[in-house]
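Below you'll find the structure I mean.
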Amino acid sequence: MNFVVRNRVKELRLEQGWTQEQLAEKVGVSRQSIISIERNRYVPSLALALVFSRTFSCTTDDLFTLESRS
């Protein structure tokens with residue numbers, strides 16, 4: 001069975017009114033990394049996922065979901 005990780009990074013970033021550049025600075029990555037994460041092209045490491053959850057003041061479960069791919 002294949003799995004894919006989906007995220008709500010873009011949704012939460014827009015709720016905060018942050019640009020991709022502002023979020024990148026807050027979590028310590030490049031804007032290109034934010035773009036890749038938002039487009040589900042890149043799954044962040046566990047450490048980075050925890051930084052995102054702290055930045056957005058939510059749990060990692062609220063931010064990331066694991067879905068099965070048929």
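The values are calculated or read from the model by the stated rules, or taken from the named source; none is laboratory data. These figures come from a predicted structure and were not determined experimentally. With ideal geometry, Cβ positions are generated from the backbone for all residues, glycine too; neighbour counts draw on all protein chains shown. Side chains are part of the model used for accessible areas, which takes the heavy atoms of the whole protein and leaves out ligands, DNA and RNA. Shrake-Rupley method; radii C 1.70, N 1.55, O 1.52, S 1.80 Å.
I need the full set of residues from region 37-66 which are open to solvent by 40 Å² or more (accessible area, probe 1.4 Å) and without any contact (Cβ under 8 Å) to a residue 24 or more places away in the chain, in order please.
Of everything in region 37-66, those that are open to solvent by 40 Å² or more (accessible area, probe 1.4 Å) and without any contact (Cβ under 8 Å) to a residue 24 or more places away in the chain turn out to be R39, R41, Y42, S45, L46, A47, L50, R54, S57, T59, T60, D61.
Inside region 37-70, can you point out the residues that are assigned to a helix (DSSP H, G or I), of a type outside the set (D, E) and more than 9 Å from the chain's Cα centre (by Cα)? Before you say what the answer is, go through the steps one by one.
Initial filter on region 37-70 (assigned to a helix (DSSP H, G or I)): 37-38, 46-55, 60-63.
Those left that are additionally of a type outside the set (D, E): 37, 46-55, 60, 63.
Of everything in region 37-70, those that are assigned to a helix (DSSP H, G or I), of a type outside the set (D, E) and more than 9 Å from the chain's Cα centre (by Cα) turn out to be L46, A47, L50, V51, R54, T55, T60.
Hey, another quick one. Read through the list (1) at pLDDT 95 or above; (2) open to solvent by 50 Å² or more (accessible area, probe 1.4 Å), then give the number of the only condition that S33 fails.
(2)
Here's a follow-up. Name the residues in region 1-19 that are open to solvent by 40 Å² or more (accessible area, probe 1.4 Å) and either touching a residue at least 40 places away in the same chain (Cβ under 8 Å) or in a helix (DSSP H, G or I) (or both), would you?
M1, N2, F3, V5, R6, R8, K10, E11, L14, E15, Q16
With (1) at pLDDT below 95; (2) touching a helix residue (DSSP H, G or I) at 6+ places or on another chain (Cβ under 7 Å) as the list, and E38 as the residue in question, which single condition is left unmet?
That leaves (1) as the condition not met.
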